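The values are calculated or read from the model by the stated rules, or taken from the named source; none is laboratory data. Since we're looking at a predicted model, the values are computed, not measured. Here the Cβ positions follow ideal geometry from the backbone for every residue, glycine too, while neighbour counts run over all protein chains shown.
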Number of protein chains: 2
Amino acid sequence: RYFHFCKLPGRVMGIRLLRFASVVIIVLLLVAGALTALLPNIKDDKMLNLRREPKPQSQSSLDSFTLIMQTYNRTDLLLKLLNHYQAIPQLHKVIVVWNNIGEKIPEEMWNSLGPHPVPVVFKVQTVNRMRNRLQNFPELETKAVLMMDDDTLVSAHDLAFAFSVWQQFPEHIVGFVPRKHISTPSGVYSYGSFELQNPGFGNGDQYSMVLIGAAFFHSGYLEDFQRQPEAVYALIDETQNCDDIAMNFLVAKHTGKPSGVFVKPVDIRNLEKDTNSGYSGMWHRAEHLLQRSYCVNKLVNIYDGMPLKYSNIMISQFGFPNYANHKNKM
Amino acid sequence: RYFHFCKLPGRVMGIRLLRFASVVIIVLLLVAGALTALLPNIKDDKMLNLRREPKPQSQSSLDSFTLIMQTYNRTDLLLKLLNHYQAIPQLHKVIVVWNNIGEKIPEEMWNSLGPHPVPVVFKVQTVNRMRNRLQNFPELETKAVLMMDDDTLVSAHDLAFAFSVWQQFPEHIVGFVPRKHISTPSGVYSYGSFELQNPGFGNGDQYSMVLIGAAFFHSGYLEDFQRQPEAVYALIDETQNCDDIAMNFLVAKHTGKPSGVFVKPVDIRNLEKDTNSGYSGMWHRAEHLLQRSYCVNKLVNIYDGMPLKYSNIMISQFGFPNYANHKNKM
């Protein structure tokens, strides 16, 4: 072959070499151009480092959250809250769990008042169950869930901060309402808030649960919730209560740590009194708190142990709303 | 062999079997007894779970800390503070870094006023250097260091809580004094506190440093500090300042996260005015803050980049001192 090549006249050889060399040069230039385009912009990287944010990804992964709001007999409050929550930064989508069985969802009205900042999905339920909100909804695309009761308004500032805290503690329930259990000499547990005796680990109080009616948590826990013992579902259905206590048991078991991280809210409001429906929420039932103590003990039986752990960490936002809110006499 | 065994008379066989069986049974019983002794006490485990504390180890590992306090020309304050700090729960030992060159340590007086709750070691220095307190002292046995300035009093309650927070964030500087850097359009950094412009990441302020003059940090960082570029030591010696800024750079580089976690103190006091020495501390020098901005920029050169990261997490103790300190209008 070499021998054959060398038999060609000099001029033909020259032209072929020239063409070949040109093609090679052009290809190299194109490759170099492509590589230059792929090089990271150094200035952007430095800015990213300063902000300590994850590399920009699609809005639907770690940088945004899905609001899940279950509603029963308080559509006026729901709509008022939707106007507020639909505009929260970093919200990806709203899932409304429609527990008003047999009643039409307000989809037509919702659409007629569009456009809206994010998609809102109404999930029609067939039975009015408290645990309907703990389904693993296919519409859920984000890692983070914000779960809110349909009578609770939390300010955008509080939500933005709590979301940033969740991003630093993604395996915990990060929210605004702390509760605790205490154990008694008889071994029977009781459920309550700060009015209950401190658990006695040093100064101050402790909490062992963060309620999911105003909290961020990882969507993976909704998946996990589908795999719990039947007795858990039976308990929640029997009481129409305690789904949040069950979630705290689940999370505590999973992490081996306190289930929740409490973020002290600056502006959280209960809008119960504002409803025209006259319906004032489950927690007004006489047996509500006793039920919750009952649930704690039942769950300890079901899970064969008490997985809840105490914490006394209370998180607030540095320099907000008061830019000197960290100061003390010094 | 089998054949041989079977040749023995029945009675001999029986006795041998009996002995053999007895030995086996006794061995089994001993093994069972040993196993039972090794079984964990279930009740204790439950209590440990409730407390979320590490298994009890020697006081000198994770459950206690060493106070390192450097002192110069304020022996009266030092002794007042030692009376307070020597009694802090979970304190293992005190290391006093004696920067009073040529002056006798008050060891005789200290001993004559014994007994003391913990050992106190006076480390005589040969040169009055700010960075003397950042040596890797052989007397240091605990994983945790509490570093305090010799004019700062923090209450036992604050220290107990901050120590528990450090145990949850052992790679961070957990302390009571937050500071920040800001970057300017010229690229030059400035150092300051909340009076400086917010770095502009959402609402409120941010901090990027926690000063080591009132903080817990991992003793491993003292080891790391011995391996820094010479220019760092030269900078600290030149300014007699900035050792704490250098430590924050070190920690931030090591973790890739904000170096500090700020715990809002309930009771922190500066006793400067109470000294008879007339000496009022380095931070009163006119050039003190300008020096610190200078140090930030020098350290960015030395480390070839800005490793400090911002945080706005402010931690307080749930239910202390006010048992309802988490409450908001709801």
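Data table
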{"read-out": "Total residues in the range B:204-223, condition surrounded by fewer than 19 Cβ atoms within 10 Å (Cβ to Cβ) and in a loop (DSSP other than H, G, I, E, B)", "value": "1"}
{"read-out": "Yes/no for B:Arg269 being assigned to a strand (DSSP E or B) and either within 14 Å of chain A (Cβ to nearest Cβ) or within 26 Å of B:Gln197 (Cα to Cα) (or both)", "value": "yes"}
{"read-out": "Qualifying residue in the range B:142-151 (condition: crowded, with 20+ Cβ neighbours inside 10 Å, touching an Asp or Glu at 6+ places or on another chain (Cβ under 9 Å) and not in a strand (DSSP E or B))", "value": "yes"}
{"read-out": "Residues (out of contact with any helix residue (DSSP H, G or I) (no Cβ under 7 Å at 6 or more places or on another chain) and either of a type in the set (Phe, Trp, Tyr) or surrounded by fewer than 18 Cβ atoms within 10 Å (Cβ to Cβ) (or both)) located in the range B:238-253", "value": "B:Glu238, B:Lys253"}
{"read-out": "Residues being of a type in the set (Ser, Thr, Tyr) and either under 30 Å from B:Phe163 (Cβ atoms) or more than 14 Å from chain B (Cβ to nearest Cβ) (or both) - total across the range A:281-307", "value": "2"}
{"read-out": "Boolean, A:Ile101 is over 21 Å from A:Val210 (Cα atoms) and over 20 Å from the mean Cα position of the chain (by Cα)", "value": "yes"}
{"read-out": "Matching residues, the range A:213-229, being aromatic (Phe, Trp, Tyr) and either under 21 Å from A:Leu159 (Cβ atoms) or within 14 Å of another protein chain (Cβ to nearest Cβ) (or both)", "value": "A:Phe216, A:Phe217, A:Tyr221"}
{"read-out": "Filtered residues of the range A:189-209 (kept if over 17 Å from A:Ser259 (Cα atoms) and at pLDDT 95 or above)", "value": "A:Tyr189, A:Ser190"}
{"read-out": "Tally, over the range A:146-188, of residues that are over 18 Å from A:Asp63 (Cα atoms), among the β-branched types (Val, Ile, Thr) and at pLDDT 95 or above", "value": "5"}
{"read-out": "Residues being hydroxyl-bearing (Ser, Thr, Tyr) and in a loop (DSSP other than H, G, I, E, B) - total across the range B:188-203", "value": "1"}
{"read-out": "Scan of the range A:284-296 for residues that are in a helix (DSSP H, G or I) and of a type outside the set (A, V, I, L, M), ordered by number", "value": "A:His284, A:His288, A:Gln291, A:Arg292, A:Ser293, A:Tyr294, A:Cys295"}
{"read-out": "The lone exception for A:Asn128 - which of (1) among the polar types (S, T, N, Q); (2) out of contact with any Leu (no Cβ under 9 Å at 6 or more places or on another chain); (3) closer than 30 Å to B:Gln206 by Cβ; (4) in contact (Cβ under 8 Å) with a residue 24 or more places away in the chain it fails", "value": "(3)"}
{"read-out": "A:Leu299 vs. criteria surrounded by fewer than 17 Cβ atoms within 10 Å (Cβ to Cβ) and in a helix (DSSP H, G or I)", "value": "no"}
{"read-out": "Residues of the range B:308-330 that turn out to be more than 8 Å from chain A (Cβ to nearest Cβ) and crowded, with 21+ Cβ neighbours inside 10 Å, as a count", "value": "1"}
{"read-out": "Identity of the residue in the range A:131-165, of a type in the set (Gly, Ala, Ser) and in contact (Cβ under 8 Å) with a residue 12 or more places away in the chain, that ends up farthest from A:Ser316 (Cα to Cα)", "value": "A:Ala144"}
{"read-out": "Matching residues, the range B:271-287, being in contact (Cβ under 8 Å) with a residue 12 or more places away in the chain and loosely packed, with under 14 Cβ neighbours inside 10 Å", "value": "B:Asp274, B:Asn276, B:Ser277"}
{"read-out": "Counted residues, the range A:171-197 - those being in contact (Cβ under 8 Å) with a residue 12 or more places away in the chain, out of contact with any helix residue (DSSP H, G or I) (no Cβ under 8 Å at 6 or more places or on another chain) and not hydrophobic (A, V, I, L, M, F, W, C)", "value": "5"}
{"read-out": "Residue satisfying all of: in the range B:160-186; more than 23 Å from B:Pro199 (Cβ to Cβ) and touching a Phe, Trp or Tyr at 6+ places or on another chain (Cβ under 7 Å); surrounded by the fewest Cβ atoms within 10 Å (Cβ to Cβ) among these", "value": "B:Phe163"}
{"read-out": "Out of A:His116, A:His157, sole residue that is surrounded by 15 or more Cβ atoms within 10 Å (Cβ to Cβ) and farther than 20 Å from A:Glu272 by Cβ", "value": "A:His157"}
{"read-out": "Search result, residues across the range B:182-207 that are within 30 Å of B:Leu67 (Cβ to Cβ) and more than 10 Å from chain A (Cβ to nearest Cβ)", "value": "B:Tyr191, B:Gly192"}
{"read-out": "A:Asp243 vs. criteria charged (D, E, K, R) and either touching a Lys or Arg at 6+ places or on another chain (Cβ under 7 Å) or within 13 Å of chain B (Cβ to nearest Cβ) (or both)", "value": "yes"}
{"read-out": "The listed residue being under 17 Å from B:Arg292 (Cα atoms), away from chain A (no Cβ under 11 Å) and β-branched (Val, Ile, Thr), out of B:Val174, B:Val210", "value": "B:Val210"}
{"read-out": "Answer residue from the range B:224-246, given it is assigned to a loop (DSSP other than H, G, I, E, B) and farther than 19 Å from B:Glu171 by Cβ and is nearest to the chain's Cα centre (by Cα) among those", "value": "B:Cys242"}
{"read-out": "B:Tyr233, sole failed condition from (1) in contact with an Asp or Glu (Cβ under 9 Å, 6 or more places away or on another chain); (2) of a type in the set (Phe, Trp, Tyr); (3) under 25 Å from B:Thr66 (Cα atoms)", "value": "(1)"}
